[in-house]
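K.L.:
Starting off with a structure, shown below.
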Amino acid sequence: MARLSRSTSLAAALVAIAALPAAAQRKPAGEENAVGGNGVASVGQNAAPGVRRNADPGARTSAAPEAGVHLNAIGRKPSDRSAAAEGAASEDLAKDAVTENAAAQDRDASPAPDAPRRCISLPRLEKTDVVDDRTIVFHMRDGRIYMNHLSRDCPGLEREKRFMYSPTSSQLCEIDGVTVIEKWAFGFTRGFTCSLGEFHPLTSAEFDALMRPVQAADSGAAQKTSKP
């Protein structure tokens, strides 16, 4: 009986020793890791409070950025050079907007090339041509040509082809008047005064077509005068 009891005790000891590694691999209750959606596992009850470990031992935990610091796409702070470039680009856009606004104002202030004008500059006036008692052509130094229809017929204007004006400024405008200068035996005298109209731009071809009948009439009158 003593031998049997001793053998039984020895067998129980061997079984306990064989089962010891498997028991060591099992974790005590309450120490099972709870894995969250971010892949980080927290240690169970025996771990220190607030301690967290990565599920993958080889993974690295990135440090959170400092408060108030913005990181760019590759995790670096924006450089001072980038901030200066953005500031310069903003200034260029502002200058372009001011320039475009000034150009738009100039376009609004200046009439279109083919639009009638109320005034012309006297310092830029080169010469004039009289078409008839109601039409005068003004030639500018820059090559532009303007035709002006008077408010009414001015008798003697076509015959004399001379007139004077008394502008109130350095411009000749539609509110100004022209006075025919007539020649008499004792000299020159003032004739009728008529108000100007708008100044209509003409092309060189239009001017030539307008003056062709006038030149033909002047040529015929000169021939009659030259005959004995």
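The values are calculated or read from the model by the stated rules, or taken from the named source; none is laboratory data. Since the structure is predicted, the reported quantities are computational estimates derived from the model, not experimental observations. With ideal geometry, Cβ positions are generated from the backbone for all residues, glycine too; neighbour counts draw on all protein chains shown.
K.L.:
Look through segment 169-179, keep the residues that are among the β-branched types (V, I, T) and at pLDDT 90 or above, and return whichever of them is surrounded by the most Cβ atoms within 10 Å (Cβ to Cβ).
P.N.:
Filtering segment 169-179 for residues among the β-branched types (V, I, T) gives 175, 178-179.
After this cut, where a residue has to be at pLDDT 90 or above as well, the list is 178-179.
Working: V178: 21, T179: 17.
Taking the candidates together, the pick is V178.
K.L.:
From the list S151, S166, which one is surrounded by fewer than 15 Cβ atoms within 10 Å (Cβ to Cβ), farther than 20 Å from V214 by Cβ, in contact with a strand residue (DSSP E or B) (Cβ under 7 Å, 6 or more places away or on another chain) and at pLDDT below 95?
P.N.:
Working: S166 fails: in contact with a strand residue (DSSP E or B) (Cβ under 7 Å, 6 or more places away or on another chain).
Among S151, S166, only S151 is surrounded by fewer than 15 Cβ atoms within 10 Å (Cβ to Cβ), farther than 20 Å from V214 by Cβ, in contact with a strand residue (DSSP E or B) (Cβ under 7 Å, 6 or more places away or on another chain) and at pLDDT below 95.
K.L.:
Let me ask you something else. Please state which one of G143, G156, G177 is among the small types (G, A, S) and closer than 17 Å to M211 by Cβ. Working first, answer last.
P.N.:
Numbers: G156 fails: closer than 17 Å to M211 by Cβ; G177 fails: closer than 17 Å to M211 by Cβ.
Checking each option against the conditions leaves just G143.
K.L.:
Can you name the number of the only condition in (1) over 19 Å from S169 (Cβ atoms); (2) at pLDDT below 95 that D129 fails?
P.N.:
Only one criterion in (1) over 19 Å from S169 (Cβ atoms); (2) at pLDDT below 95 is unmet by D129, namely (2).
K.L.:
Can you tell me how many residues within segment 180-199 are assigned to a strand (DSSP E or B) and surrounded by 16 or more Cβ atoms within 10 Å (Cβ to Cβ)? Write out each step before concluding.
P.N.:
Here is the first cut: in segment 180-199, the residues assigned to a strand (DSSP E or B) are 180-184, 187-195, 199.
Keeping just the survivors that are surrounded by 16 or more Cβ atoms within 10 Å (Cβ to Cβ) gives 180-182, 191-192, 194, 199.
Of the residues in segment 180-199, 7 are assigned to a strand (DSSP E or B) and surrounded by 16 or more Cβ atoms within 10 Å (Cβ to Cβ).
K.L.:
Okay, next question. How about segment 176-193: which of its residues are farther than 16 Å from Y146 by Cβ and within 47 Å of the chain's Cα centre (by Cα)?
P.N.:
Filtering segment 176-193 for residues farther than 16 Å from Y146 by Cβ gives 177, 179-193.
Scanning segment 176-193 gives a single hit, G177.
K.L.:
Is it the case that K224 is at pLDDT below 95 and in a strand (DSSP E or B)? I'd like the intermediate steps shown before the answer.
P.N.:
On the way: at pLDDT below 95: yes; in a strand (DSSP E or B): no.
Here the answer is no, as K224 does not meet what is asked.
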